[in-house]
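Right, one structure below, let's go through it.
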Amino acid sequence: MSTELILSHTVTSEQETAAFAKELAAYLKTKDVVFLKGTLGAGKTSFARALIRALCGGDIEVPSPTFNLLLTYEGTNGPIYHYDFYRLEDPEEVWELDVEDAYESAITLMEWVERLEDLAPQNALEVDIELNEDVNSRTIRLRGNANWKMRLQELVGRQTA
């Protein structure tokens, strides 16, 4: 899959991270797959929590799916599947986690997607969160194919204005 940088955005607080996730949520629809990338402690789960709350239209409880590997939610526009593959021992185990249903009928968020190796879906939007040297700030980079770039033009315009 050919991906290119769509947007690089720096946040300096959890509130700014949540606000950016909420903005991104407005562009997501059924059958979208979003990879959440970054090192331990970078803020992937915090970003996912804010994104899921925005997609569900409320202040719901959103725990980390690290232990369960998968948590599902009913969003205002359909289901949301939130995967965390950190504990995945074999990429083939993904087929036991309803991933095919997620791809067809939900918005799918995936943390630690590199554990899927070549089974990772194509055409996903990558959200890469990096801790900066100033530990209080993070850079969130969105990467995707030409379709994602076109869909996110308005978001990019608002962030760079």
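A few comments on the model shown:
- Conditions (1) closer than 20 Å to Phe47 by Cβ; (2) open to solvent by 30 Å² or more (accessible area, probe 1.4 Å): number failed by Ala102: (2)
- Among the residues of the range 58-79, the ones that are at pLDDT 90 or above and either under 11 Å from the mean Cα position of the chain (by Cα) or on the phi > 0 side of the Ramachandran plot (or both) come to 1 in all.
- Residue in the range 48-70 that is touching a helix residue (DSSP H, G or I) at 6+ places or on another chain (Cβ under 9 Å), without any contact (Cβ under 8 Å) to a residue 60 or more places away in the chain and in a strand (DSSP E or B) present: yes
- Residue in the range 106-126 that is over 24 Å from Glu4 (Cβ atoms) and either touching a residue at least 40 places away in the same chain (Cβ under 8 Å) or out of contact with any helix residue (DSSP H, G or I) (no Cβ under 7 Å at 6 or more places or on another chain) (or both) present: yes
- Of all the listed residues (Leu109, Leu131), the sole one being more than 25 Å from Met150 (Cα to Cα), surrounded by 15 or more Cβ atoms within 10 Å (Cβ to Cβ) and not small (Gly, Ala, Ser) is Leu131.
- Condition met for Asp59 (surrounded by fewer than 21 Cβ atoms within 10 Å (Cβ to Cβ), touching a strand residue (DSSP E or B) at 6+ places or on another chain (Cβ under 9 Å) and acidic (Asp, Glu)): no
- For the residues Pro91, Pro65, Pro121, the requirement of being open to solvent by less than 10 Å² (accessible area, probe 1.4 Å) and either in contact with a strand residue (DSSP E or B) (Cβ under 7 Å, 6 or more places away or on another chain) or more than 16 Å from Ala26 (Cβ to Cβ) (or both) singles out Pro65.
The values are calculated or read from the model by the stated rules, or taken from the named source; none is laboratory data. Bear in mind that the values here come from a model prediction, so they are computed numbers and not experimental data. Cβ: placed from backbone, ideal geometry, glycine included. Neighbour counts: every protein chain shown. Note: accessible area is taken over every heavy atom of the protein model, side chains too, but ligands, DNA and RNA are not part of it. Shrake-Rupley method; radii C 1.70, N 1.55, O 1.52, S 1.80 Å.
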